[in-house]
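The values are calculated or read from the model by the stated rules, or taken from the named source; none is laboratory data. Just so it is clear, the model here is predicted, and its values are computed rather than measured. We place every Cβ from the backbone using ideal geometry, glycine too, and count neighbours over all the protein chains shown. Areas reflect the complete protein model, heavy atoms only, side chains present, ligands, DNA and RNA absent. Shrake-Rupley method; radii C 1.70, N 1.55, O 1.52, S 1.80 Å.
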Amino acid sequence: MLVRSVSHFNWQALRMLKRSRKPLDGKTLRHIPTKPTKDGRFLAKLVNDGLLKRVTGTEADPFAATYALTERGEHAAEYGEYEYEFRRPGTPSTPPTPVETPTAPKASRKGK
């Protein structure tokens, strides 16, 4: 497994969840209101990376949803890094099914 470090902003959000006794909403996790955090994509990325899990709400409204840490997220909140599996973009995450190779057609007899 490869190790990826967490950005300082994301690490602060993970630490907020670690110190909290209950799941926090996305509006609280946006502790620094900057332009990159305006649409809530940072929350979707943390969920996709497996650091957060959505307790309530949907992906359509990330600031109204509540989030909790996963086991990987707790490790990232403590150490600032987490293990991840490298996947190339556009490749399926499951191995492809084996495909049967076509057999060559039998030679036909001509004449006779």
Exercise. What is the Cα convex hull volume of segment 38-80 when expressed per residue in Å³?
Worked result: 66 Å³
For this session: Please calculate how many Å² of accessible area segment 11-82 carries per residue, with a 1.4 Å probe and no DNA, RNA or ligand atoms counted.
Result: 62 Å²
Seminar exercise, completed: Long-range amide H partners of LEU52, meaning residues 5 or more apart or on another chain whose placed amide H is closer than 5 Å, are VAL47, THR70
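Counting only other residues whose beta carbon sits under 14 Å from that of GLU85, what net charge do I get with K and R as +1, D and E as -1?
Net of charged neighbours comes to +2.
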Problem set entry | Residues whose placed amide H lies under 5 Å from that of GLU81, excluding near-sequence neighbours | VAL6
